Amino acid sequence: MAGASLLTRIAHAADPHSTERHTYRDHDLESAILTHLGHMLNTRQGSSLTCPDYGLMEVSEVLHEFPEAIGLVQRSLKNCIQTYEPRLKNVQVRHLRTDTVQSMVLEFEITAQIHFPDGRRQALRLGAAVDQSGNVRMT
């Protein structure tokens, strides 16, 4: 259970209906990582007083620099994940496409390896769609 956040471990241990109070399954760790990524990437840099660079850059401020903005957002995603999600290693972010038909949405593919507390590794692949307001939807 060492891969989970402290609050997740406390909630899991306090659940009177849980028959597995002292174990943490692989999909629980993956779910915890995805939840953290969703929260982190929807936080703007500068929102945290104790850690000003936590979160994603303000996307709406760089869209006027399109298409260079794609690279800026891509690097911001990668740096944020590498810095603040230590359970993921070998993080790669690749731009897939830009949906400009209805609205400005940048789509990225994120690949990484989950490092489990027991030393095992598992590949992770997910999508992230960033809209013009900077909201990130994980897919």
- Item | Per-residue ³J(HN,Hα) for segment 52-61, Karplus 6.51 cos²θ - 1.76 cosθ + 1.60, θ = phi - 60°, Hz, x for Gly and Pro | x, 8, 6, x, 8, 4, 6, 5, 4, 7
- Which of 108, 88, 42 sits farthest toward the positive end of the charge dipole of segment 25-138, with +1 on the Cβ of Lys and Arg and -1 on the Cβ of Asp and Glu? 88
- Item | J(HN,Hα) series, segment 72-80, from Karplus relation 6.51 cos²θ - 1.76 cosθ + 1.60, nearest Hz, glycine and proline x | 5, 5, 4, 5, 5, 4, 5, 4, 4
- Item | With 10 Å bins from 0: P(r) over segment 47-118, alpha-carbon pairs, percent | 18, 43, 29, 8, 1
- Sticking with the crude label model, points 7 Å out along Cα→Cβ, report the distance from residue 98 to residue 28 in nm, one decimal please. 4.4
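Quick check on the exposure proxy: order 49, 126 from fewest to most C-beta atoms within 10 angstrom. Intermediate values should be presented prior to the final figure.
Details: 49 6, 126 15.
Listing 49, 126 from fewest to most nearby Cβ atoms yields 49, 126.
A short reminder: the numbers here are calculations on the coordinates, not readings from a lab. Predicted, not measured: the structure shown is a model, and the values here were computed from it. Here Cβ is always computed from backbone atoms with ideal geometry, including for glycine, and neighbour counts include all displayed protein chains.
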